[in-house]
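Structure, as structure tokens:
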């Protein structure tokens, strides 16, 4: 083989490596749809959650039946932390907290007639 042939081979291999690296990097910058949900409760629920900017928020929601649901939507990057937590004080109530990624259940937790107990689900958006 000639020197020119070796150089062409090295250039092609370098281009393949650079292209693969670029494609790999863009995948990690991809934003994914995140949804927090609080459901299956029929009382006031204090909800804490990490919003799309990474700020911890606190709100009180009023669910009147087991079919009612609270949702919060935003976009996150791979590696971002997702977090939602709920607590209620009605001794006959329940609550379910969930995180969905791209419409699929990622994490879920629930409490049944356990007032004053936090139901917390959290994690890192997978790569």
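Keeping to the stretch 51-79, report how many residues are surrounded by 11 or more Cβ atoms within 10 Å (Cβ to Cβ) and touching a residue at least 40 places away in the same chain (Cβ under 8 Å). Please lay out each step first, then the result.
Filtering the stretch 51-79 down to residues surrounded by 11 or more Cβ atoms within 10 Å (Cβ to Cβ) leaves 51-52, 57, 59, 61-63, 66, 68-78.
Narrowing further to those that are touching a residue at least 40 places away in the same chain (Cβ under 8 Å): 73-78.
Residues that pass the stated criteria total 6.
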For the stretch 79-106, the count of residues that are in a loop (DSSP other than H, G, I, E, B) and either closer than 16 Å to residue 61 by Cβ or more than 8 Å from the chain's Cα centre (by Cα) (or both) equals 8
Name every residue in the stretch 80-104 that is modelled with pLDDT of 95 or more and exposed (fewer than 11 other Cβ atoms within 10 Å of the Cβ), in order of residue number. 102, 103, 104
Inside the stretch 70-115, can you point out the residues that are more than 19 Å from residue 34 (Cβ to Cβ) and in contact with a helix residue (DSSP H, G or I) (Cβ under 7 Å, 6 or more places away or on another chain)? none
Can you give me the number of residues within the stretch 33-52 that are modelled with pLDDT under 95 and either touching a helix residue (DSSP H, G or I) at 6+ places or on another chain (Cβ under 6 Å) or more than 19 Å from residue 96 (Cβ to Cβ) (or both)? 1
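The values are calculated or read from the model by the stated rules, or taken from the named source; none is laboratory data. If you're wondering where the values come from, they're calculated on a predicted model, not measured in any experiment. A quick note on method: Cβ atoms are made from the backbone with ideal geometry, for glycine too, and the neighbour counts reach across all protein chains shown.
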